[in-house]
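K.L.:
One structure, pasted below without further comment.
Rule-based calculations on the coordinates, nothing more; no lab input. Because the structure is predicted, anything quoted here is derived from the model rather than measured. Here the Cβ positions follow ideal geometry from the backbone for every residue, glycine too, while neighbour counts run over all protein chains shown.
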Amino acid sequence: MEPIFPLFRLPENVILEVIKNFGMNKLFEFSLISTKTKNIVASSGITAHAVRITISRDVDVTVYYGPCIVRLSFYNDSVDALIHLDSNQPISAHFFYERRTVRPSTPFSFNNWLDQIKTVFCYNEPPTVVFWTGNERFEMESLKNVIKSVNQLYVCEDNIEFRSREILEHFKNANKLILDRNPFEEACEVQKFFIQNFISIGFHEDVSLDDMLLVNSKRVEFSRPISEKQFIRFLKHWIRGSNPRLQYMNLFIDTTNLDNGKVYLKGIRCIEMSEESKKEIRQKHGISDIEMVKIRREEGTTAVIATVDYGTFLYVRFYVLY
């Protein structure tokens, strides 16, 4: 039998040096031993840059720290009954990739697990929450009561329309929104989300010019291709002062019916850019787009349109330069 290393007899600063060699899962398990180990890990300076809760047939909580992650799985049983998350009821957790149970020194509720993660990984922001296939297994009000606030909300396309509307109603205070499909019959219903002051919004259905002009987010992503005509009309409105909060937008333009497959921005006064200016944009935003032009609002604000030709469509990035 190998001798046991008396780790806890060492000074805390020495323990800190030892645990720096632990993997993320081992480090998290170490934090569960006692209040002392929890505080030691919290003082190690490891700060998560994101926490994501994915709700499908089970609940996954993933902590991101640089290239490393800790991924815990909850409610991964085969019971088909509707589940009410109870913030006070003890629940077991499993390491997702290792398929083994994580054992705290005392029974943890789901809220206890979240608090532990936030404390030891020094994460104080609301999580990203993803509603994936099978999430209807969980009662919505109980999800809201346990998770509370959300930074980014992602509603995937596999949700039925009623469930998507239920999710949007209960988590309507998100800072960022990604919506795979439009769950509403009337255009005015989804437009209520376009006009909100999100930090960012992603919408993966068809959008009209009215939809684009109503968007009040700083960052916007549209994944369904639009026509060259619609994009030019949007630019003309932007030049006259629309979308005052917009800082960045990406979208796709269908080029199948265009001459030579190119967008010429007819009627838009474009400003040529020097190679040095283009290089600066590429370095600042981490892109490799070759084609770039600059346009200017009537009040003086400029924006860069960067494009990549993918054959049947053109990938467009729109940067507003404040």
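K.L.:
Put +1 on the Cβ of every Lys and Arg and -1 on every Asp and Glu Cβ in the chain; which of PHE28, THR101, LEU251 then has its Cα farthest towards the positive end of the dipole?
P.N.:
The residue sitting most towards the positive pole is PHE28.
K.L.:
Also: With a point put 7 Å past each Cα toward its Cβ, work out how far ARG240 is from LEU321 in nm, to one decimal.
P.N.:
2.5
K.L.:
Grab the Cα-Cα distance for GLU186 and SER288, subtract it from 0.36 nm times how many residues apart they are, and report the gain in nm with one decimal.
P.N.:
32.8 nm is the gain from fully extending GLU186 to SER288.
K.L.:
What size of dipole, in debye to the nearest 20, comes out for the stretch 172-322 about its Cα centre when the only charges are +1 on Lys and Arg C-beta atoms and -1 on Asp and Glu C-beta atoms?
P.N.:
540
K.L.:
Find the centroid of the Cα atoms in the stretch 69-97 and in the stretch 168-182, then give the distance between the two in whole Å.
P.N.:
Cα centroid to Cα centroid, the span is 23 Å.
K.L.:
Then there's this: Taking θ = phi - 60°, what integer Hz values does the Karplus form 6.51 cos²θ - 1.76 cosθ + 1.60 yield along the stretch 279-285, in sequence order, with x for Gly and Pro?
P.N.:
Residue by residue, the stretch 279-285 yields 4, 4, 5, 4, 5, 5, 9 Hz.
K.L.:
Using the crude model of +1 on Lys and Arg Cβ and -1 on Asp and Glu Cβ, and no other charge, please compute the dipole size for the stretch 17-175 relative to its Cα centre, in debye to 20.
P.N.:
For this selection, approximately 660 debye.
K.L.:
May I ask for the Rg/Rh ratio of the stretch 195-322, computed from Cα atoms with Rh as the Kirkwood radius, given to two decimals?
P.N.:
0.93
K.L.:
Okay, next question. At 222 nm, what helix-only mean residue ellipticity would the chain give, in deg cm²/dmol to the nearest 500, using -39500 (n - 2.57) for each DSSP H run of four or more?
P.N.:
The helix contribution divided over the chain gives -8000 deg cm²/dmol.
K.L.:
Along the three principal axes, how long is the stretch 106-145 when you take its alpha carbons, biggest first, rounded to the nearest angstrom?
P.N.:
Computed over the Cα atoms, the extents are 31, 24, 16 Å.
K.L.:
Run through the DSSP bridge list for the stretch 1-183 and note the antiparallel percent, rounded to the nearest 5.
P.N.:
Rounded to the nearest five, the antiparallel share is 60 percent.
K.L.:
I would also like to ask the following. Run the simple label-point estimate for ILE33 and SER227 please: 7 Å along Cα→C-beta, distance reported in nm.
P.N.:
The modelled label-to-label distance comes out at 6.8 nm.
K.L.:
Quick check on the exposure proxy: order SER73, SER31, SER92 from fewest to most C-beta atoms within 10 angstrom.
P.N.:
SER92, SER73, SER31
K.L.:
While we're here: Hey, got the dipole for the chain? About the Cα centre, +1 on K and R Cβ, -1 on D and E Cβ, debye to the nearest 20?
P.N.:
With only Lys, Arg, Asp and Glu charged at Cβ, the dipole is about 1060 debye.
K.L.:
Specify the inter-centroid distance of the stretch 23-68 and the stretch 212-235, based on alpha-carbon positions, in whole Å.
P.N.:
Spelled out, the Cα-based centre of one part sits 39 Å from the other.
K.L.:
On to the next question. Can you say what percent of the DSSP beta bridges in the chain, counting only those with both residues inside, are antiparallel? Round to 5.
P.N.:
Roughly 65 percent of the beta bridges in the chain run antiparallel, per DSSP.
K.L.:
Taking 0.36 nm per residue of sequence separation and subtracting the Cα-Cα distance, how much length would be gained by fully extending the chain between ASN145 and SER208, in nm to one decimal?
P.N.:
Length gained between ASN145 and SER208: 19.1 nm.
K.L.:
Another question, if that's okay. Stretched out fully, how many nm does the piece from GLU161 to GLU125 gain, at 0.36 nm a residue minus the Cα gap?
P.N.:
So the extension gain works out to 10.1 nm.
K.L.:
Further question: Sort the following peptides by mean Cβ neighbour count (other Cβ atoms within 10 Å, averaged over residues), highest first: 175-186, 80-91.
P.N.:
In descending order of packing, they fall as 175-186, 80-91.
K.L.:
I've got another one for you. Working from Cα positions, state the angle (0 to 90°, nearest 10) between the long axis of helix 161-170 and the longest principal axis of the chain.
P.N.:
The helix 161-170 is inclined about 70 degrees to the chain.
K.L.:
Still on this structure, please answer the following. Over every pair of different alpha-carbon atoms in the chain, take the mean of 1/r and invert it; report that Kirkwood radius in Å.
P.N.:
Kirkwood radius, the chain: 22.8 Å.
K.L.:
In addition: Going toward the positive end of the dipole of the stretch 1-183, with +1 on Lys and Arg Cβ and -1 on Asp and Glu Cβ, which of THR133, LEU114, CYS156 do you reach last?
P.N.:
With unit charges placed on the Cβ atoms, the residue in question is LEU114.
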